[in-house]
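The values are calculated or read from the model by the stated rules, or taken from the named source; none is laboratory data. What you see is a predicted model, and the numbers here were worked out from it, not measured in a lab. Reconstructed Cβ throughout: ideal geometry from the backbone, glycine too, with neighbour counts over all protein chains shown. All accessible areas refer to the heavy atoms of the entire protein, side chains included, with ligands and DNA or RNA removed. Shrake-Rupley method; radii C 1.70, N 1.55, O 1.52, S 1.80 Å.
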Amino acid sequence: MTRRLVAALAVAMATLLTGCGWGGLPASGPVVEGRALSEVLGEQVRVVAQAPVDGSSQDAVVRGFLRAGEDNDDTHATGKLFLAPQSVDLWRWSSDEVVVYDGDLTIRPLDDDTVRVSASVLARLGPDGRYVEQEPGTRQEITLGLTKVGGEWRIELPRKGFGLWLDSDQFSRVYTNRFIYYITPNSRDLVPDSRWFPNGSRLATTLARAQLSAVPDHLKGAVTTGVPPGTQLAVNAVPVENGTALVNLSSQALSAGPADRAAMWAQLTKTLLQISPVNAVALSVDNTPLELSDGVTSVSTSSELGYDVVPRSTLDTALVRRGDTIQRIDPRFVPDTGAAKRPDLDPQDGDVERIPDLWRSLALSVDGKQVAAISRDLRDLSIWRATEPTRTLAPFATGLTKPVYDADGYLWIGGADHEGDDRVFVLDSVSSDPDAAPKAIHAPWLEGRRVVELSVSADAARALVVTTALNGSDVQLGLSGIVRATNGEPTALAQPLRQAQSLGVIEDVTWLDPLNYAVLGKVRERDVMRPWLGTLGAGVDGALRESGRLGQVPGAASITTVGGPRGIIIVTSDDRVLARAGSTWRRIVQGSDVLVPGG
């Protein structure tokens, strides 16, 4: 078990499932909380493609075919009208790669019956629903044949097949970003995994099928699933009747024990409730309904079963370091307004109030009782507690990164070991063993890479890791699952999933909530540093080039948050502490470090 409190223990044994009769929906009951105003709903926008017009030019036919890709008719019948008969089966719009492009297409004739189409590419979407941003300047080309059919130009696709080309506006209409949920092995925390799915009448079916799939590689070992191997939909449809999604599973689902069955139900509920018509989920196996031990046959929220995501806390105070002193501040306070100082800004029991200015890159534990920092030569790590002597650890690495605490009390830090290999180290910061030392965890994918920054999610199941090549080039931000031993000690980082590929420089990263993050970065080296908002698996642009960036901050050095994207705080190289004010920034205080629990 981890050190965190496991929520909803009282319901742990109340989720025994049995194959009993189908129950009706309640006709009355208490008023329940509605959907959040910020929640993205699955409202379908009907897009109807225009069929080819007689007498159309080659250019018009090609453009008409590519535009027809956004038709969310499940058969794409209109788009097929642009194709020569022998190419209809080569249009793999549902299983091949989707190219998301920016701006207009360039169509250049190569000869009388061949054209080359090219575009500036923003991202690619694979068959697995992974959105992969492309570096600025990336272009895609494809050669298309044209032939006359019944006197009209029709397209001959490449023999290897063809998927979809969509501009960013089309993409946002055709596809929707949704999350598949897994569970942490030693608790009831739900962990989201971002995918993109086609909008349309079959979205519930597509989401359910994705939820039944195996844990993805970048989370392997960090999370698990209550779905037994081999479980599929018994029928290829998840109908929604009177707001209840009816998920009919294959017989393999019966092999799950009571705990796994409850987890499976919670996962499917959390995932399917992302669709606006769904307000409850009912399960059956080969048409035999399942029910909970109290006779309930549908679940309205995953929390009814004791499962939910772990939010990042919203804070109304933070710590700022000036010189060698640490004091509490109101991160929303505007200087020179004459506002009265709040009592909770006075030093609290357990606060560390002084750190010698020979130490840098401060980190605050989740309980607020410890501060960790590294020496200016990046060789030493020390830990301060208000009631104990300072602990300076024996040298274990060089080139140390800023430390970060996780919710289970482990301190994370990157650096080069005694052999010169970059590693990620963890220290049990609450261990009673005075000789406890940082341990390198297993991350073979770090070979040839240098760790720059780390940030651990509130659920302690995932890390965002910034790395570069050994010479400082090829910056990468990766999302990696944290593999832990049964006692909660981190032992490995799973192979990371790339994020924010469009940024060429990344200075710092922080989690905003379970789904979103913020980075300090630049597209090109010559650009001014600025914060960018990113959604896991959706890029720092969210498929729209300008939407992810905030105002420039020259000299920005570190980033954190006291609560989501609106609570972002930036510290600059000249010790200005800036708080977000819309898309701009206001100075709230001078200081070299801002400390938030676990940030």
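Per the conditions (1) open to solvent by less than 40 Å² (accessible area, probe 1.4 Å); (2) under 25 Å from SER172 (Cα atoms), the sole criterion not satisfied by SER558 is (2). Just one of the listed residues (LEU319, LEU362, LEU315) is in a loop (DSSP other than H, G, I, E, B), hydrophobic (A, V, I, L, M, F, W, C) and out of contact with any Ser or Thr (no Cβ under 7 Å at 6 or more places or on another chain), and it is LEU315. With the condition kept exactly as written, say whether any residue in region 141-148 is surrounded by fewer than 17 Cβ atoms within 10 Å (Cβ to Cβ), part of a loop (DSSP other than H, G, I, E, B) and of a type outside the set (A, V, I, L, M). No: zero hits.
With respect to SER87, is the statement that it is among the polar types (S, T, N, Q), in contact (Cβ under 8 Å) with a residue 12 or more places away in the chain, part of a strand (DSSP E or B) and more than 21 Å from PRO198 (Cα to Cα) true? Walk me through it before giving the result.
Working: among the polar types (S, T, N, Q): yes; in contact (Cβ under 8 Å) with a residue 12 or more places away in the chain: yes; part of a strand (DSSP E or B): no; more than 21 Å from PRO198 (Cα to Cα): yes.
No, not satisfied.
Where residues in region 283-300 are outside any loop (DSSP other than H, G, I, E, B) and farther than 16 Å from THR231 by Cβ, which of them is modelled with the highest pLDDT? Checked region 283-300; the qualifying residue modelled with the highest pLDDT is VAL299.
Against the numbered list (1) open to solvent by 50 Å² or more (accessible area, probe 1.4 Å); (2) under 27 Å from VAL456 (Cβ atoms); (3) among the basic types (Lys, Arg), ARG321 comes up short only at (1). The residue that is surrounded by the most Cβ atoms within 10 Å (Cβ to Cβ), counting only those in region 78-97 that are touching a strand residue (DSSP E or B) at 6+ places or on another chain (Cβ under 9 Å) and hydroxyl-bearing (Ser, Thr, Tyr), is SER87.
Quick one: in region 180-233, which of the residues that are of a type in the set (Lys, Arg) and closer than 19 Å to LEU125 by Cβ is nearest to the chain's Cα centre (by Cα)?
At the first step, the residues of region 180-233 found to be of a type in the set (Lys, Arg) are 188, 195, 202, 209, 220.
Filter once more, keeping what is closer than 19 Å to LEU125 by Cβ: 195, 202, 209.
Working: ARG195: 9, ARG202: 24, ARG209: 20 Å.
The extreme case among them is ARG195.
The set of residues from region 149-159 being assigned to a strand (DSSP E or B), among the aliphatic types (A, V, I, L, M) and open to solvent by less than 40 Å² (accessible area, probe 1.4 Å) comprises just one member, ILE155. Of everything in region 47-79, what is touching a residue at least 24 places away in the same chain (Cβ under 8 Å) and small (Gly, Ala, Ser)? Give them in sequence order. Result: ALA49, ALA51, GLY55, SER56, SER57, GLY69, GLY79. Of all the residues in region 213-227, those that are touching a Leu at 6+ places or on another chain (Cβ under 8 Å) and either in a loop (DSSP other than H, G, I, E, B) or among the aromatic types (Phe, Trp, Tyr) (or both) number 2.
Okay, residues lined up against (1) modelled with pLDDT of 95 or more; (2) open to solvent by 50 Å² or more (accessible area, probe 1.4 Å); (3) aromatic (Phe, Trp, Tyr); (4) under 23 Å from the mean Cα position of the chain (by Cα):
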{"residue": "GLY368", "(1), (2), (3), (4)": "no, no, no, no"}
{"residue": "PRO389", "(1), (2), (3), (4)": "no, yes, no, no"}
{"residue": "PRO395", "(1), (2), (3), (4)": "yes, yes, no, no"}
{"residue": "VAL430", "(1), (2), (3), (4)": "no, yes, no, no"}
{"residue": "PRO438", "(1), (2), (3), (4)": "yes, no, no, no"}
{"residue": "VAL452", "(1), (2), (3), (4)": "yes, no, no, yes"}
{"residue": "SER457", "(1), (2), (3), (4)": "yes, no, no, yes"}
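Among the residues of region 449-456, are any part of a loop (DSSP other than H, G, I, E, B) and of a type outside the set (Ser, Thr, Tyr)? Checked region 449-456: no residue is part of a loop (DSSP other than H, G, I, E, B) and of a type outside the set (Ser, Thr, Tyr). For region 226-237, the set of residues classified as touching a strand residue (DSSP E or B) at 6+ places or on another chain (Cβ under 7 Å) and surrounded by fewer than 21 Cβ atoms within 10 Å (Cβ to Cβ) consists of LEU233, ALA234, VAL235, listed by residue number. State which residue is farthest from SER473 (Cα to Cα) when the search covers only region 504-521 and only residues that are in contact with a Lys or Arg (Cβ under 7 Å, 6 or more places away or on another chain) and open to solvent by 10 Å² or more (accessible area, probe 1.4 Å). Per the criteria, the residue is ASP513. For region 370-387, a residue qualifies if it is touching a residue at least 12 places away in the same chain (Cβ under 8 Å) and either charged (D, E, K, R) or crowded, with 20+ Cβ neighbours inside 10 Å (or both), and the qualifying residues are GLN370, VAL371, ALA372, ALA373, ILE374, ARG376, ARG379, ASP380, LEU381, ILE383, TRP384, ARG385.
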